[in-house]
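Worksheet for the structure shown next.
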Amino acid sequence: MEKREELYRGKAKSVYKTDDADRLILLFRNDTSAFDGKRIEQLDRKGMVNNKFNAFIMQKLEAAGIPTQFDKLLADNEVLVKKLDMIPVECVVRNYAAGSLVKRLGVEEGTKLNPYTFELFLKDDAKGDPFINESHVVAFGWGTAEQLVRMKELSLKVNDVLTKLFDEAGLLLVDFKLEFGVFSDGSIVLGDEFSPDGCRLWDKDTKKKMDKDRFRQGLGDVIEAYEEVAKRLGVPL
C-alpha cells in the first residue's frame, strides 16, 4: 500500500491518500486539543496509544457485527482504513450526566441516565459543534432520514457492546461520540476513531476520570490514564 499526499489535517490526526481509491491512511499525531482547538499541546506516546486503542475497539465492534472503517494497523501511529464520505454529524450517547449536558441542564455530574440519551451535534469547530436535531440534518442536507435511523441503530449497538466491555475492566462508559460515513457500496460505516479522546471513562469504584477530561480540566497524567485503560482492556501497546 503506497502512502501518497496528505488529504486532510485535523486536530489530532492526518489523513493520506493511497494508491487504492477505496483506502486511506490515518496518522495519529501526539497533538492534544480542547475547547474547539483553542488549546493544543503535544503529549508523548499519545498517537501510538490512541491508534492501538482504536484498533482494539474497532475490531471488537466488527466482531459484534458493527461495520467500521478499520482495515489494519500499519505502524505504531498509522492505520489503513476504508475511504468514507463522512456525514458531518456527531452522534453522542450518554449513560451518565457529564460535560455539556451538565452545563445545559444544570444536573449533577455523574447522575445515571435511565434510559441513556442520544443526541446529535453538527461537526463544525467554527460554530462550536452546535446541538441539532434530526429535522435540521435532513432539512440542511447533512444526511437523510434513512441514514439517521441507521446511525442511531449502530450507536446504540456500540453502547451495548462497549458498556459491557468497559464494565468488565472496572470502568464506567459515561458517554461517547461517534462519526459515520458512507462507503463506496452505499453502506453506513462507523468512521473516525474510538479512544479516550472521544469518550468519558471513569473508574467504577473511585470515579477517577480516565479520559480527555484530564487534559481539559488540568488534572495531569493524561497519557498515563489512557495507558491504564488500555492495560485493563488488554490492548497491546
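The values are calculated or read from the model by the stated rules, or taken from the named source; none is laboratory data. Everything quoted here is computed from the prediction, not taken from an experiment. Methodologically, a virtual Cβ is constructed for each residue, glycine included, from the backbone with ideal geometry; neighbour enumeration extends over all protein chains shown.
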Residue check, Asp211 in a loop (DSSP other than H, G, I, E, B), in contact with a strand residue (DSSP E or B) (Cβ under 6 Å, 6 or more places away or on another chain) and either within 26 Å of Asp71 (Cβ to Cβ) or among the charged types (D, E, K, R) (or both): yes
Sole residue being assigned to a loop (DSSP other than H, G, I, E, B), of a type outside the set (A, V, I, L, M) and surrounded by 20 or more Cβ atoms within 10 Å (Cβ to Cβ), chosen from Gly47, Gly110, Gly143, Gly65: Gly143
Residues within the stretch 68-86 that are more than 14 Å from the chain's Cα centre (by Cα), surrounded by fewer than 21 Cβ atoms within 10 Å (Cβ to Cβ) and in a strand (DSSP E or B), tallied: 9
Unmet requirement for Leu27, which otherwise passes all of (1) free of Cβ contacts under 8 Å to residues at least 60 places away in the same chain; (2) among the aliphatic types (A, V, I, L, M); (3) within 25 Å of Leu156 (Cβ to Cβ): (3)
Leu156, sole failed condition from (1) within 19 Å of Lys212 (Cα to Cα); (2) touching a residue at least 24 places away in the same chain (Cβ under 8 Å): (1)
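Listed here are the residues, each with its yes/no results for (1) in contact with a Lys or Arg (Cβ under 9 Å, 6 or more places away or on another chain); (2) among the β-branched types (Val, Ile, Thr); (3) at pLDDT below 95.
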site	(1), (2), (3)
Val137	no, yes, no
Gly141	no, no, no
Leu154	no, no, no
Asn159	no, no, no
Phe166	yes, no, no
Leu171	yes, no, no
Phe176	yes, no, no
Gly181	yes, no, no
Asp185	no, no, no
Which listed residue is over 20 Å from the mean Cα position of the chain (by Cα), polar (S, T, N, Q) and outside any strand (DSSP E or B), from Ser135, Ser195, Ser155: Ser135
Hits in the stretch 87-98 (condition: under 15 Å from the mean Cα position of the chain (by Cα) and either over 19 Å from Trp142 (Cβ atoms) or touching a residue at least 60 places away in the same chain (Cβ under 8 Å) (or both)): Ile87, Val89, Glu90, Cys91, Val92, Val93, Arg94
